[in-house]
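Notes for the one structure printed next.
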Amino acid sequence: MINSGYKNRHDISQIIQSGEIASGDIDSALLLAKITPSNQAWTHFLSTLLLWLSVIALSSSLMFFLAYNWDDLGRFAKFGFVEVFIIASVLLYLWKNKNSTPVNASDSPQKSTLISKASLLVASLSLGVLLAFYGQTYQTGADPWQLFFTWALLIIPWAMVAQFPALWIIVLVLLNTAVSLYIETFGGFLGGLFSAEKNLLWSTVGINAIALSLWELLKGRLSWLNENWATRVVAFAAGLPLTFLVINAIFDRHPSFSLAYLVWAVAMVVVYIVYRKFRPDLFMLTMACLSGIGVALSFASHTLFEVLNLEMGAFLFLAILVIALGGSAAVWLKRIYKEQQV
């Protein structure tokens, strides 16, 4: 079923347009329908936003503190400071996650859980500082990709325990970074089959596509994975480099059949079937439309300028094509949006 908030917004909009609600009562109606955020909703939003900003600020402060006082702190003092910071964060997680009862009269179980997850996120980010400091102090000679790969492996158990999508996104970011640095160092996994740039793009597509597939398959079994924003981030991370690969193949100076065409076409079909039929998601379909428009415009540009050597009228044709494709996508997506109201 689709989010009932969409239906409420649509119904209230129809009622307001019909004049059944007096102009003085519109604000109250929007509030009752939960379309306009209440004061409590704004308070929760600001509290959550400040919490995550504090996580970023606290984790960053650890790194900058060590960097600023690098010459004044001894080796063991630096290690001790970072390790105490990590241990304190883990202990805070254990304390806040001990049970679901409020810590204070003003605290809610949901707030306590959020704070516990935020503390574990601080510990995960601080672990990266510890690894970087260890490598800098002892000059282990390890390649940069090993730092990020080790960092990702070490925080996986915490991500499994916390059941926190944001922490899994960080693991995925670290793995992508590690693979990127590995390819930059050694040239990639596929030898001379692709250039280093294409190796990087293909590896990014592969990692994020696998992560998205596993995420979607496990959604039904693990309720904490039901975070649409997380799957959308992963889908974007997989779809963007794949689109670049197709566009690169279109403008290749030595045109030939590219694997990117086949993979992109299969991906578009899979996205349509999954997010149109089985798990409706307007955002995913919108990304697919943008990718399709980008590929279509690239193909048209290449045909007009490189193949046909046209200049007069080519930009006008491309402008008309943009309007036509954009308009068609908007109409189709709007129709799907209306279907989701039912």
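What follows draws every value from the coordinates through simple rules; no lab data is involved. Keep in mind that what you see is a predicted model, and the values were worked out from it rather than measured. All Cβ positions, glycine included, derive from the backbone under ideal geometry; neighbour counts span all protein chains shown.
Local charge sum around ILE183 (other residues, Cβ-Cβ under 14 Å, Lys/Arg +1, Asp/Glu -1)?
Here the charged neighbours net out to -2.
Tell me the label-point distance for the pair THR303, GLN340, using the 7 Å Cα-to-Cβ offset, in nm and rounded to one decimal.
With each label placed 7 Å out from Cα toward Cβ, I get 3.2 nm.
Please rank TYR337, TYR93, fewest neighbouring Cβ atoms within 10 Å first, as an exposure proxy.
TYR337, TYR93
Would you mind computing the Rg to Rh ratio of region 193-286 from its alpha-carbon coordinates, Kirkwood style for Rh?
With Rg and the Kirkwood Rh in hand, the quotient comes to 1.02.
Given 25 °C and 0.890 mPa s, how large is the Stokes-Einstein diffusion coefficient of region 73-339 in µm²/s, with Rh as the Kirkwood radius over Cα pairs?
Rounded, D is 112 µm²/s.
Which FRET efficiency, nearest 0.05, do THR286 and ASP71 yield, Cβ-Cβ r, R0 35 Å?
0.10
Any chance you could check the Cα centroid distance between region 236-306 and region 43-101 for me, in angstrom?
The two parts, judged by their Cα centres, are 42 Å apart.
Taking R0 as 45 Å, what FRET efficiency do you get between VAL270 and PHE315 from their Cβ-Cβ distance, rounded to the nearest 0.05?
Given R0 = 45 Å and the Cβ-Cβ separation, E is 0.85.
Note the full-extension length gain between TRP332 and LEU51 as 0.36 nm times their separation in residues minus their Cα-Cα distance, in nm to one decimal.
Taking 0.36 nm per residue and subtracting the Cα distance, the gain is 97.3 nm.
Which whole-Hz couplings ³J(HN,Hα) result when phi for each residue of region 62-67 is put into the Karplus expression 6.51 cos²θ - 1.76 cosθ + 1.60, θ = phi - 60°, listed in order with x for Gly and Pro?
Using θ = phi - 60°, the values come out as 4, 5, 5, 4, 5, 5 Hz.
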